[in-house]
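Shown next, in structure tokens, is the structure this report addresses.
The values are calculated or read from the model by the stated rules, or taken from the named source; none is laboratory data. These figures come from a predicted structure and were not determined experimentally. Backbone-built Cβ (ideal geometry, glycine too); neighbour counts: all protein chains shown.
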Amino acid sequence: MYKVIFHMRHLPQIIILLGLILFSFACQKESDLNIPFINVKGISLHLLDAYEIDGNSRAIDESSVRLSKDALLSDGDFISYDSNLHTFTISTSGRQRIKDLEHSTSGIPFALLADGALIYTAYFWPSYSSASCDWIVTDPIIMPDNTLSMKLGYASASSDIPDRRNHERLINRLRASGRLIN
């Protein structure tokens, strides 16, 4: 059996080492939400494999979100973003992938990420739906000039929807890549 002997002269190094170990357990990957951080650069849009909604609302509980492994839209599909109109211009192939989804009158949930961090969740909510939605929505059918217009709610805007459409991380990424219009 071995005996571990600590000399008093090593005490400061031991305390520092223990402090660093404890600090590393307290740190988390950078993300505003309790979801896995995806190691991907740029902007991406992922469908949700699983999620929960808050009560009688369509508000997505973002701590419950599980993203699809593959992005529906990847960084190269995002041509530009108008921060005043909250509108993305996307590639023709990206538009086709969205149109090819089996759309529902109760929406298809997705998440928008910037550099692997969730920025916000939303729904593809077709304008032919008679149901209202109190969350961020975009019409997956009507996309003039390949644009996705991110709106706060469908049928009526709601002031209770957290508006992260111009989140700093998203704007910085778009500005750095020359795709920010306003």
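For region 38-91, filtered to residues that are within 21 Å of SER149 (Cβ to Cβ) and charged (D, E, K, R), the residue that is modelled with the lowest pLDDT is ARG58.
Residue pairs, Cβ under 7 Å, 6 or more apart or interchain, first in region 45-66 and more than 13 Å from GLY107 (Cα to Cα), second small (Gly, Ala, Ser) and part of a loop (DSSP other than H, G, I, E, B). List them. As it stands, the answer is LEU45/ALA71; HIS46/SER68; HIS46/ALA71; ASP49/SER68, since those pairs meet every condition given.
Among the residues making up region 91-134, a single one is at positive phi and touching a strand residue (DSSP E or B) at 6+ places or on another chain (Cβ under 6 Å): GLY107.
When ALA111 is tested against (1) surrounded by fewer than 18 Cβ atoms within 10 Å (Cβ to Cβ); (2) modelled with pLDDT of 95 or more, exactly one condition is not met: (1).
Condition first: in contact (Cβ under 8 Å) with a residue 24 or more places away in the chain, of a type in the set (Val, Ile, Thr) and not in a loop (DSSP other than H, G, I, E, B). Now tell me which residues in region 122-176 satisfy that. The answer is ILE136, VAL137, THR147, ILE171. The residues of region 42-83 that are touching a helix residue (DSSP H, G or I) at 6+ places or on another chain (Cβ under 7 Å) and not in a strand (DSSP E or B), listed by number, are GLY42, LEU72, ASP77, SER83. Taking the criterion of being charged (D, E, K, R), more than 18 Å from the chain's Cα centre (by Cα) and more than 25 Å from GLU102 (Cβ to Cβ), the only residue of region 131-178 that qualifies is ASP160.
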